[in-house]
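The values are calculated or read from the model by the stated rules, or taken from the named source; none is laboratory data. Bear in mind the structure is a predicted one, so any value in this text is a computation, not a measurement. Here Cβ is always computed from backbone atoms with ideal geometry, including for glycine, and neighbour counts include all displayed protein chains. The accessibility values were calculated without ligands, DNA or RNA, using every heavy atom of the protein model including side chains. Shrake-Rupley method; radii C 1.70, N 1.55, O 1.52, S 1.80 Å.
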Amino acid sequence: MESFCRFKIWLLLVFLTIFQLGNGFYLPGSYPHKYGVGDFLNVKVNSLTSIETEMPFGYYSLPFCQPKEGVKDSAENLGELLMGDRIENSPYRFKMYTNETDIFLCKTKLLSGQEFKLLKERIDEMYQVNIILDNLPAIRYIKKDKYLLRSTGFPVGIKVQDAYYVFNHLKLTVLVHKYEETNVARVMGTGDAAEVIPTVGNSGTDAPGHMVVGFEVVPCNVQHNIDSVKNLNMYDKYPSQIKCDPTTVTRAIKENEPMAFTYEVSFVESDIKWPSRWDAYLKMEGSKVHWFSILNSLMVITFLAGIVLVIFLRTIRRDLAQYEELDKEAQAQMNEELSGWKLVVGDVFRAPSNPSLLCVMVGDGVQILGMAIVTILFAALGFMSPASRGTLITGMLFFYMILGIAAGYVATRLWRTMFCGDHKGWVSVSWRVACFFPGIAFLILTTLNFLLWGSHSTGAIPFSLFVVLILLWFCISVPLTLVGGYFGAKAPHIEYPVRTNQIPREIPPQKYPSWLLALGAGTLPFGTLFIELFFIMSSIWMGGVYYVFGFLFIVMILLVVVCAEVSLVLTYMHLCVEDWKWWWKSFFASGSVAIYIFLYSINYLIFDLKSLSGPVSATLYLGYSLFMVLAIMLATGAVGFLSSLWFVHYLFSSVKLD
């Protein structure tokens, strides 16, 4: 017991160390920053993004103004790099609570033919500029009819007739809330460890200050007098007043002509509290639809549970009661006369074809399912907020590696069960578990990465990060999987309740192909999640933010229940027609939901992502969809197989035979 406690403490320390290193020693947005009046605020820039190409590009890939001190990368965690975020410093800077207007930023050099062409392409592809202040993305409000639309970032420019216009003036509004408490812990709603929470600013902790609770932007295109800014330095006052009107454009970009950039900033007192500053980005819309999705899933579960109840309480128990009342001679005569699951008692536990592959896929499925449940649970509890960029992906990688122990254990114990306790080959099975899904994932990601590298997109994974991922795979995930395999080899195997005949029983001709039943069974699990799937797809491919992890956790649990019930019912149907080859069919009965998700992804590409342009973008979309579908197939298939294994074991353990 003492050694186990030490192991838990060691595991906790490792987790905290990795989590802190991955997030730059603090969670962005996890505590309020206090700024004194006159303290400098620096705006950062993220990658340019577009829902038309799904390929991010660096902000400075376009001829924008660069900071005096040069372009510097901000500290990024593993998740941010995998998501294609490239956060860098920018020339936009101003002082807290100091309104400024007509600030000159820079005049670019003459636009070359290549730069002019690139700007036009980025405008045509509807690329958005993403700027960040105090970890808050700039939000843009647009009035359309009677509605007020909001979006993060702003377009690079706009095309009017045949002319292209770049938004060269930004009207920035910073919402601030007065720093009322000297005890930061009270603002956070806790009284513990107030001293360890740092503050930012030169005014000290007791001086009055403000916190940034909102960041809004209005982009404009204005007519700059290039001759009048020749002698101006960055942050000088523009010689004339600039009027920002977002509804009009005045100066088109032209080849061999420079561009001038300016900005203005104003500070507005707001009643928004610091803990609520993300509400503008995470307004819950369509919550009724989420509840409808859950109610729909509950109806499916209730329907399937009724079928399962009938199978258990009426059919099986009645058959077993009749079977036990007969003597041995009558049982033998009954076996000759009756058909059904009782006749496959000598073959039902016969090892399936490709047993090692089945063990590997079930083990990987358990690992993926465990990672998904734990990650979504932590996100629902608020540990992986959208305010902390990249923590969701970082957490998924961490939990996936740790749960390699579970994958190795399940696969190895299942392998020993299939071969009646023989532990030979468990090392090979553990190795395959550690390499099967990650190997396919690396193959897909490497192929897509070559496309992104060829397009010079920031979405491409850097070579150094590739090396880090491979090291994490072989230095953490593989050893943990082998450790799990070792414990699985030492654990007692599941003993079969009946003996297996030496000669396999012939399976009667089936009225319907078994693969057709397995394919149709996937419709019920798909029906439990397709509504939530729309919101997830929209957040990934339409530039939204997914945050309703509480709903997602409920849907995940309902999906697991439906997959188990579907596989159980289908396995019983196969046994009733004397089809004893239930192993793989139980896996694909629930795993076939992945086929419908892939078909839905294609439908989403055709009808919802109509603007997705170019074969590279479509290939990226289909590649990432294939990766997601493979993970879902393994996870749901593992649920279906393990539930069917328990059901078959329970069913035939009730049959008393010599």
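Any idea how far apart Phe303 and Ser266 come out in nm if each label point goes 7 Å out from Cα toward Cβ?
Output for this residue pair reads 5.7 nm.
If Cys244, Cys475 are ordered by their accessible area, calculated over protein heavy atoms with a 1.4 Å probe, which sequence runs from highest to lowest?
Numbers: Cys244 30, Cys475 90 Å².
Ranking Cys244, Cys475 by accessible area, largest first, yields Cys475, Cys244.
Ratio of Rg to Rh for region 514-556, alpha carbon only, Kirkwood? Please report the intermediate quantities before stating the final value.
On the way: Rg = 13.4 Å, Rh = 11.8 Å.
That ratio is 1.14, to two decimals.
Starting from the Cα of Ser240, step 7 Å along the direction of its Cβ; do the same at Glu255; then give the gap between the two resulting points in nm.
2.9
Under the √(5λ) rule applied to the eigenvalues of the Cα gyration tensor, what semi-axes describe the equivalent ellipsoid of region 572-633? Give them in Å, descending. Mind showing how you got there, number by number?
On the way: eigenvalues 245, 24, 8 Å².
Taking √(5λ) for each eigenvalue gives 35, 11, 7 Å, largest first.
Return the whole-Å distance between the Cα centroid of region 251-274 and the Cα centroid of region 514-564.
So the two Cα centres are separated by 42 Å.
So if R0 is 35 Å, what FRET efficiency would Leu295 and Thr173 give, r being the distance between their Cβ atoms, rounded to the nearest 0.05? Can you show the working numbers first?
Values: r = 41 Å, r/R0 = 1.18.
Result of the calculation: an efficiency of 0.25.
For Cys106, Cys420, Cys435, write out the residues from largest to smallest accessible area, computed with a 1.4 angstrom probe and no ligands counted.
Numbers: Cys106 20, Cys420 95, Cys435 45 Å².
In descending accessible area the options line up as Cys420, Cys435, Cys106.
Provide the gained length on full extension for the span Ser428 to Phe530, in nm with one decimal, where the gain is 0.36 nm per separating residue minus the Cα-Cα distance. The partial results should precede the final answer.
Working: separation 102, 0.36 × 102 = 36.72 nm, distance 3.75 nm.
Contour length minus the Cα-Cα distance gives 33.0 nm.
When the scattering of region 130-171 is computed by the Debye formula from its Cα atoms alone, each counted once and equally, what is log10 I(q)/I(0) at q = 0.16, 0.25, 0.26, 0.33 Å⁻¹?
With one equal scatterer per Cα and no solvent, log10 I(q)/I(0) is -0.56, -0.98, -1.00, -1.08.
According to a simple spin-label model (label point 7 Å from Cα along Cα-to-Cβ), what is the distance in nm between Glu495 and Phe419?
It is 2.1 nm.
Probe of 1.4 angstrom, ligands and nucleic acids ignored: what's the accessible area per residue over region 474-539, in square angstrom?
Details: 3910 Å² over 66 residues.
Counting only protein heavy atoms, the per-residue value for region 474-539 is 59 Å².
Does anything in region 31-67 have its amide N under 20 Å from the 7 Å Cα→Cβ label point of Ser455, and if so which residues?
Zone members listed by number: 46-63.
Assuming 0.36 nm per residue, please report the length gained on full extension of the stretch Ile142 to Phe463 beyond their Cα-Cα distance.
111.6 nm
Quote the accessible area belonging to Ile595 in square angstrom, nearest 10, computed with a 1.4 Å probe and with ligands, DNA and RNA left uncounted.
Counting only protein heavy atoms, Ile595 exposes about 80 Å² to solvent.
Given Pro508, Gly527, Val616, which one lies farthest toward the positive end of the charge dipole of region 503-658, if we put +1 on the Cβ of every Lys and Arg and -1 on the Cβ of every Asp and Glu?
Farthest towards the positive pole: Val616.
Hey, could you pull the Cα Rg and Dmax for region 29-132, both in Å?
Final numbers for Rg and Dmax: 15.8, 46 Å.
Mean 1/r over all different Cα pairs, inverted: what Kirkwood radius does region 514-636 give, in Å? Don't skip to the end; give the middle numbers.
Values: mean 1/r = 0.0643 Å⁻¹.
In region 514-636 this quantity evaluates to 15.6 Å.
For the pair Ile470 and Lys109, what calculated FRET efficiency results from E = 1/(1 + (r/R0)^6), where r is the Cβ-Cβ distance and R0 = 35 Å, to the nearest 0.05? Provide the component values of the computation, followed by the final result.
Numbers: r = 41 Å, r/R0 = 1.18.
It comes out at approximately 0.25.
Taking the mean number of other Cβ atoms within 10 Å as a proxy for protection, how do you rank 209-222, 260-273 from highest to lowest? Walk me through the numbers on the way to the answer.
On the way: 209-222: 22.1, 260-273: 17.9.
Going from most to least packed, we get 209-222, 260-273.
Run the reach check for Lys34 against lysines, Cα to Cα strictly under 26 Å, same-chain hits fewer than 8 apart removed. What comes back?
Reachable lysines: Lys44, Lys68, Lys72, Lys95, Lys171, Lys178, Lys273, Lys283.
Assuming 0.36 nm per residue, please report the length gained on full extension of the stretch Gln223 to Phe607 beyond their Cα-Cα distance. The partial results should precede the final answer.
Details: separation 384, 0.36 × 384 = 138.24 nm, distance 3.96 nm.
Roughly 134.3 nm would be gained on extension.
At a Cα cut-off below 23 Å, give the lysines reachable from Lys610, other chains included and same-chain residues fewer than 8 away excluded.
Lys120, Lys144, Lys159
What does the accessible area of Tyr624 come to, in Å² to the nearest 10, when a probe of 1.4 Å is used?
80
Any idea how far the Cα center of region 409-423 sits from the one of region 566-610, in Å?
Measuring centre to centre over Cα atoms gives 26 Å.
Rounded to a whole number, what % of the accessible area of region 480-535 do carbon and sulfur atoms account for, probe 1.4 Å?
Numbers: 2300 of 3510 Å².
Here it works out to 66 percent.
How much accessible surface does Thr481 have with a 1.4 Å probe, in Å² rounded to 10?
0
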